[in-house]
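Reading through the structure tokens given below for one structure.
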Amino acid sequence: MVAVIFDLDGTLLDTETIYLEVEKEIVSNFGGGDVTEVTHKLLGTTETRTAQIIIDHFKFDLTVEQYLKARNSKLLEIVHRAQLLPGADELVSHLHKRGVKIAIATSSPTALLAAKRDAHPEFFSKFLAVVCADDVKRGKP
């Protein structure tokens, strides 16, 4: 059997600019400085780890849950703008047509994944499985 498991954000969907836009806005709203000072630490991490890095760096008097509530609320408003990265649809379609089993494993929580799926239903219909952060006990390192 041949199978491929894809990451989603930054691999298939161009979400990194949207996430950065939101992080900048939320950090600014809480009185923080330039989030680009820590963006290199944020890419590829879980949302909980991202929140903790930002809270620690800017010394916010917030819980991870408080930060994520503000962040995810804003993300849900705009994440539908994320476009497929160049070549993503062609590659996935090629594999799908040839019967290759394809899946997504993402650090996105269920609500954000649903918004991304809703924006690209035909694309997501080609995947046999989609596993998100809420589906596992331990995500990426």
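The values are calculated or read from the model by the stated rules, or taken from the named source; none is laboratory data. A quick note: this is a predicted structure, and the numbers were derived from the prediction, not measured. Neighbour counts run over all protein chains shown; Cβ positions are idealised from the backbone, glycine included. Keep in mind that these areas ignore ligands, DNA and RNA; they rest on the heavy atoms of the full protein, side chains included. Shrake-Rupley method; radii C 1.70, N 1.55, O 1.52, S 1.80 Å.
Data overview
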item: Top-ranked residue of segment 12-29 - restricted to ones that are in contact (Cβ under 8 Å) with a residue 40 or more places away in the chain and farther than 22 Å from residue 91 by Cβ, ranked as most open to solvent (accessible area, probe 1.4 Å); result: 29
item: Filtered residues of segment 57-112 (kept if assigned to a strand (DSSP E or B) and either open to solvent by 40 Å² or more (accessible area, probe 1.4 Å) or of a type in the set (Asp, Glu) (or both)); result: 83, 84, 101, 105
item: Criterion: closer than 19 Å to residue 3 by Cβ and of a type in the set (S, T, N, Q) - qualifying residue of 28, 73, 107, 125; result: 125
item: Verdict on residue 41 being within 16 Å of the chain's Cα centre (by Cα), on the phi < 0 side of the Ramachandran plot, modelled with pLDDT under 95 and surrounded by fewer than 18 Cβ atoms within 10 Å (Cβ to Cβ); result: yes
item: Qualifying position, being in contact (Cβ under 8 Å) with a residue 60 or more places away in the chain and either touching a Leu at 6+ places or on another chain (Cβ under 9 Å) or more than 20 Å from residue 22 (Cα to Cα) (or both), among 102, 54, 78; result: 102
item: Residues of segment 113-132 that turn out to be surrounded by 13 or more Cβ atoms within 10 Å (Cβ to Cβ) and in a helix (DSSP H, G or I), as a count; result: 8
item: Some residue of segment 19-33 being in contact with an Asp or Glu (Cβ under 7 Å, 6 or more places away or on another chain) and at pLDDT below 95; result: no
item: Matching entry among 36, 45 (being assigned to a loop (DSSP other than H, G, I, E, B), out of contact with any Phe, Trp or Tyr (no Cβ under 7 Å at 6 or more places or on another chain) and more than 20 Å from residue 77 (Cβ to Cβ)); result: 45
